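Q: Next up is a structure, given as structure tokens.
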Amino acid sequence: MKLTFLGAVGTVTGSRFAVSTPAGTVLVDCGLFQGPRQIRERNWADFPLNPADISAVVLTHAHLDHCGYVPALVRDGFTGPIYCSPNTARLVPIILRDSAKLQEEDTAYARRKGFSRHAEPKPLYDSIDAEAAIGLLVPREFGDDFPLLDDLRCVLDPAGHILGSSTTTLTETTPEGQRRLVFSGDLGRGNHPLLDPPTPPVDANAIVIESTYGDRDHADFDAEIDEMATVISRTLKRGGTVVIPAFAVDRTEVLLITLRRLIDQHRIPLAPIYIDSPMALAALDIYREAVENADPELTTSAIAEGKALIDLPTLRAARTPEDSKELDAGHSQIIISASGMGTGGRVTHHLKAFLPDPKSSVLLVGYQAAGTPGCMLADGAEQIKIHGHYVPVRAEIAQIDAFSVHADRSELLAWIEAGRTTPGQIFIVHGEPDAADALAAQLREELHTAVVVPEPNETVAI
Ligand SMILES: [Zn+2]
């Protein structure tokens, strides 16, 4: 089989990999490019393959950088099945509908303000395209062995990254025998409070592995949680508000579980906790259903703990924009709101309201890309610009690194080593160039095999 790297090369977004055999072509992941403009512009380039010639798509998980291009593919002629795990099939519709709506809103705004370079700006795709893509989703249980092409079969296994996330094993049958190619997707760390550790890539001939944190090891988890408890505690005691910008899917749930544990251990006081993001609330329902239905994807201890695991007594939903605005007059409360880097969404209003307040605090719990408000706050900015106004930063700012859902350097290596045999070829993707190169160097040294950081659109034989 042949493998072509259509995205997630030299960057952490736009995961798209084409696999071709004599019987046809499939895609593993079909994500959006995100981040700075020059990366986002790649979404607008012609897709390198005719979508009508692709037989099937496999999605490793519901994050936008892995599934967000599918509506464009469908609009441009793809009609095949889109396979993914059952929980990914539940989360993808939330993500794609939100993505289409944002693009429609951005286009309407550009049209109104006349700042688009195009006379008649159009969204990358719209809600109709998103619904067409959602209609093609076909859930497959973990461990099921199902055909993609006459000579190619697929198995999804848990990746421990977010609910529904999977590794993807493709097995090609040729006259000479079988060839096995494993995609890591995004790999969890083995410490997710709801999910089992990632499944190792057993007897793979080749591996495609992510490298988001390929050049570093994560900070000590307990020390980070200690710091988080201290900041929350003193903020609430002085009557301030804790604002936590958070990605809508998974981060919110992991935060809630952590907050509940800290309350149970009397390390933080009981206070109202508001989830202020429609998408986060929709995703929370999917996680709740998984816990209530004892979904086999969850760990036995998470199932045993049950509903109380996520549902705190002081949990409140801010559903409407009015609910959200009311929070800005409150105090002694915790607000979890998107976006995770403070680049947009409802959290920007909360930052505007609480950054000037020395009693309040902002907890940064995710990756903060360069140039974002979150990154400026982490770097100690004394003022930041929100909605055209400069806002002074008097609130306490803390960066907590405990919530990463990506395996670090040591964890990535351990995952490959757990796979019984060393693969003949390893391809490093989904990382900034420094992280990908560092991981490649380390894997070459430790595993004595061919380790490659591919070029964009490079094709290799497996
Ligand atoms: Zn992901």
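The values are calculated or read from the model by the stated rules, or taken from the named source; none is laboratory data. Computed from a predicted structure; not experimentally measured. Backbone-built Cβ (ideal geometry, glycine too); neighbour counts: all protein chains shown.
Q: Identify, by number, the condition in (1) touching a residue at least 12 places away in the same chain (Cβ under 8 Å); (2) under 30 Å from Thr372 (Cα atoms); (3) of a type in the set (S, T, N, Q); (4) more than 16 Å from the ligand (Cβ to nearest atom) that Thr21 doesn't meet.
A: Condition not satisfied by Thr21: (2).
Q: May I pose another question? Which condition number in (1) closer than 30 Å to Leu6 by Cβ; (2) of a type outside the set (Asp, Glu); (3) part of a loop (DSSP other than H, G, I, E, B) is the one that Ala219 fails?
A: (1)
Q: State which residue pairs qualify: first residue in the same structural domain as Gly342 (by TED's automatic domain parsing) and among the small types (Gly, Ala, Ser) and inside region 262-280, second residue modelled with pLDDT of 95 or more and surrounded by fewer than 18 Cβ atoms within 10 Å (Cβ to Cβ) in any location, beta carbons under 6 Å apart, and separation of 6 or more residues or different chains.
A: Ala271/Ser332
Q: Give all pairs with beta carbons closer than 7 Å in which a residue from region 39-65 that is closer than 12 Å to Thr13 by Cβ and touching a residue at least 24 places away in the same chain (Cβ under 8 Å) meets a residue that is away from the ligand (no atom under 16 Å from the Cβ) and not acidic (Asp, Glu); count only pairs at least 6 apart in sequence or on separate chains.
A: Asn43/Leu124
Q: A further question follows. Criterion first (without any contact (Cβ under 8 Å) to a residue 24 or more places away in the chain and at negative phi) does Ile303 satisfy it?
A: Yes, satisfied.
Q: Of the residues that make up region 121-140, is at least one within 16 Å of the ligand (Cβ to nearest atom), within 20 Å of the chain's Cα centre (by Cα) and at negative phi?
A: Just the residues of region 121-140 that are within 16 Å of the ligand (Cβ to nearest atom), to begin with: none.
No, region 121-140 contains no residue that is within 16 Å of the ligand (Cβ to nearest atom), within 20 Å of the chain's Cα centre (by Cα) and at negative phi.
Q: Turning to a different aspect of this structure: Go through region 177-190 and give me each residue that's within 16 Å of the ligand (Cβ to nearest atom) and either assigned to a loop (DSSP other than H, G, I, E, B) or over 16 Å from Ala407 (Cβ atoms) (or both).
A: Once the filter is applied, which keeps residues that are within 16 Å of the ligand (Cβ to nearest atom) and either assigned to a loop (DSSP other than H, G, I, E, B) or over 16 Å from Ala407 (Cβ atoms) (or both), region 177-190 yields Ser184, Gly185, Asp186, Leu187, Gly188, Arg189, Gly190.
Q: Name the residues in region 226-267 that are within 14 Å of Leu309 (Cα to Cα) and of a type in the set (A, V, I, L, M), would you?
A: If the condition is that a residue be within 14 Å of Leu309 (Cα to Cα) and of a type in the set (A, V, I, L, M), then Val254, Leu255, Leu256, Ile257, Leu259, Leu262, Ile263 are the ones that fit.
Here's the yes/no breakdown for (1) crowded, with 24+ Cβ neighbours inside 10 Å; (2) aliphatic (A, V, I, L, M):
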residue: Ala229; (1), (2): no, yes
residue: Val243; (1), (2): yes, yes
residue: Glu253; (1), (2): yes, no
residue: Thr258; (1), (2): no, no
residue: His266; (1), (2): no, no
residue: Leu270; (1), (2): no, yes
residue: Leu281; (1), (2): no, yes
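Q: State whether the residues of region 164-181 include one that is touching a Ser or Thr at 6+ places or on another chain (Cβ under 9 Å), of a type in the set (A, V, I, L, M), surrounded by fewer than 20 Cβ atoms within 10 Å (Cβ to Cβ) and more than 26 Å from Gly345 (Cβ to Cβ).
A: No, because not a single residue in region 164-181 is touching a Ser or Thr at 6+ places or on another chain (Cβ under 9 Å), of a type in the set (A, V, I, L, M), surrounded by fewer than 20 Cβ atoms within 10 Å (Cβ to Cβ) and more than 26 Å from Gly345 (Cβ to Cβ).
Q: Something else: Which of the residues belonging to region 342-366 are within 24 Å of Asp106 (Cα to Cα) and not aliphatic (A, V, I, L, M)?
A: Result: Gly342, Thr343, Gly344, Gly345, Arg346, Thr348, His349, His350, Lys352.
Q: If you take the residues in region 158-176 that are among the polar types (S, T, N, Q) and within 29 Å of the chain's Cα centre (by Cα), which one is farthest from the ligand (Cβ to nearest atom)?
A: Restricting to residues being among the polar types (S, T, N, Q) and within 29 Å of the chain's Cα centre (by Cα), the top hit is Thr171.
Q: Let me ask another. Looking only at region 427-448, filter to residues that are farther than 21 Å from Gln34 by Cα and not in a helix (DSSP H, G or I); which one of those is modelled with the highest pLDDT?
A: Ranking the candidates gives Phe427 first.
Q: Still on this structure: If you go through region 14-40, how many residues are in a loop (DSSP other than H, G, I, E, B) and crowded, with 22+ Cβ neighbours inside 10 Å?
A: Adding up the residues that qualify gives 5.
Q: It is to be established whether one or more residues within region 53-63 are touching a Pro at 6+ places or on another chain (Cβ under 8 Å), buried (at least 24 other Cβ atoms within 10 Å of the Cβ) and not basic (Lys, Arg).
A: Scanning region 53-63, I find at least one residue that is touching a Pro at 6+ places or on another chain (Cβ under 8 Å), buried (at least 24 other Cβ atoms within 10 Å of the Cβ) and not basic (Lys, Arg), so the answer is yes.
Q: Also, I was wondering about something else. Name the residue that is nearest to the ligand (Cβ to nearest atom), counting only residues in region 55-86 that are over 19 Å from His406 (Cα atoms) and in a helix (DSSP H, G or I).
A: In this case the residue turns out to be Val70.
Q: Given (1) at negative phi; (2) away from the ligand (no atom under 16 Å from the Cβ); (3) outside the structural domain of Arg251 (by TED's automatic domain parsing), identify the lone condition not met by Gly431.
A: (2)
Q: From the set of residues in region 204-257 that are basic (Lys, Arg) and within 22 Å of the chain's Cα centre (by Cα), which is farthest from Thr173 (Cα to Cα)? If you could, list the steps in order and put the result at the bottom.
A: Restricting attention to region 204-257, the residues satisfying the condition of being basic (Lys, Arg) are 216, 234, 237-238, 251.
Now drop any that are not within 22 Å of the chain's Cα centre (by Cα), which leaves 216, 251.
On the way: Arg216: 38, Arg251: 39 Å.
So, considering only residues that are basic (Lys, Arg) and within 22 Å of the chain's Cα centre (by Cα), the one farthest from Thr173 (Cα to Cα) is Arg251.
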